[in-house]
Every structure is written in structure tokens, then in C-alpha cells.
Amino acid sequence: MSKVSILGLHLPTDPRWVNLAAISLEEVLTDHAFCEQKAATSCISLIQRYPEKDRLVQELAPIVTEEWGHFRQVLAEMRKRGYSLGRQRKDMYVNALMEFQQKGGDPASVLLDRLLIFALIEARSCERFRLLSEGLEDEYLREFYRKFMISEAGHYRLFIDLANEYIPDEDRVRTRWQEWLDAEAKIIASLEVRGDRMH
């Protein structure tokens, strides 16, 4: 996917989101913590589903550890600020993305969609972390989120690489990725801008 830009997102986040997040910091940190937890469990589920795909297993195993470490980092930051971890909320963004997955397709199509949905979530998370790293007044939190941004960018690229490796048809991968990007932009446009959510 050399011709696809690093993130390729078709619709940028509404600029109001950063200001809303800044005044809902406890809530957005809670949501961030659960996003990291779900990222770890999603990688575990991929390993369980595709144990025969050696590179996938070898690449995702350390990401499980990394994402769980991120969960713990967010928890520590919340504790330092006197915040409590709230309850996990329904993730309308991810649920809407899941609805776009092909249902009952051939195994290659199912795998492709699984990898691309994870790439897309990482890309959007990377974009949001960049906005926090540039838009928050708290200098410590700006650096905190800059590190997460770098990590998510690497994960995004990995899922794209895995898609290209296991579906060795570059046009097929590129076409489906563009379909995902179009669908994601419509989802973002349809959702209320809320500062208490990462997505």
C-alpha cells in the first residue's frame, strides 16, 4: 500500500473535540483505558483465530503486552490525578465499523476485513492522540499522548502490512481499504462530537 498515505483518513476529527476532551479529562481517560484493554484482547482473539499464521502470531504477541502496558499507564495517570476508572461505555464508533464487515464471505475476505478494521481503529486513535498531543494545555499530557500517537502509528502500519502479506493481491487490499475509509468517514460524520470518548 505504498501509494496510500500514512493515515489516509477521509474525514478529520472535528476540531472542537480536543477542547471538549480537555474539560472531560476523567471520562476520556476512562474511555482511553478501555480502548487499550480492548486492543489487547482483540490481538489475542486474532492469535487464537489464526494460530497457523506465524508472522501474525509473532508480531501481535508483543503488541498484546504493549497494549496492556498502555492500559496500566492510563490507570496510573488517572490515579495520580485522583480520578477513578469509570464503567466501560458502549463504543458506537467500533460497533458501527463492525456492521460494515463482510458477513459470511470467504476466509481471505474475513481475514482482510479483520485486519483492516484494526488498522482503521489504530489510524483514528493515532489521529486523536496527535490532536491531544498538540491541543492540550497540560504539557505533561501533551507528551503523554505523543508517545501513544507514535505507538498507534506503528500498529496501523503493521495491520496494513499483514493484510498485504496474507492477501497477496495489492489491488484487492487497496480497493477494500478505500471502501473502509469511505465507510469510516460516514460513521464519523454521523456521530455526535463528544469529549468523553476517544472515538
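FYI, it's all coordinate maths here, none of it is from the lab. Nothing here was measured: the structure is a model prediction, and the numbers come from that model. Glycine also receives a Cβ, built like all others from the backbone with ideal geometry; neighbour counts cover every protein chain displayed.
Worth a mention:
- Considering only 49, 72, 124, the mean-square fluctuation computed in a Gaussian network model of the chain, springs between alpha carbons under 10 angstrom, is largest for 49.
- Between the helical axis of 107-135 and the longest alpha-carbon principal axis of the chain there is an angle of about 30 degrees.
- Per-residue ellipticity at 222 nm from helix content only, as computed over the chain with -39500 (n - 2.57) for each DSSP H run of at least four residues, stands at -25500 deg cm²/dmol.
- Using C-alpha pairs under 8 Å with a sequence gap of at least 6, the mean separation divided by the residue count of the range 24-190 gives a relative contact order of 20 percent.
- A Cβ-based charge dipole, computed about the Cα centre of the chain with Lys and Arg at +1 and Asp and Glu at -1, lands at about 360 debye.
- Between helix 54-80 and the chain: long-axis angle, C-alpha atoms, 0 to 90°, nearest 10: 10
- Here the range 100-125 and the range 34-50 have alpha carbon centers that stand 14 Å from each other.
- Residue-by-residue Karplus 3J(HN,Hα) for the range 153-169, coefficients 6.51, -1.76, 1.60, Hz, glycine and proline x: 4, x, 5, 4, 5, 5, 5, 5, 4, 5, 4, 5, 6, 8, 10, x, 9
- Its relative contact order, with pairs defined as Cα atoms under 8 Å and 6+ residues apart, puts the range 113-198 at 34 percent.
- Pairwise FRET efficiency - residue 186 versus residue 81, Cβ, R0 = 30 Å, nearest 0.05: 0.25
- Order of 98, 92 - criterion: other Cβ atoms within 10 Å of each residue's Cβ, fewest first: 98, 92
- Under Karplus coefficients 6.51, -1.76 and 1.60, residue-wise ³J(HN,Hα) of the range 185-192 in Hz, glycine/proline x: 4, 5, 5, 4, 5, 7, 8, 5
- Counting only alpha carbon atoms, the long axis of helix 25-49 and the longest principal axis of the chain meet at about 20°.
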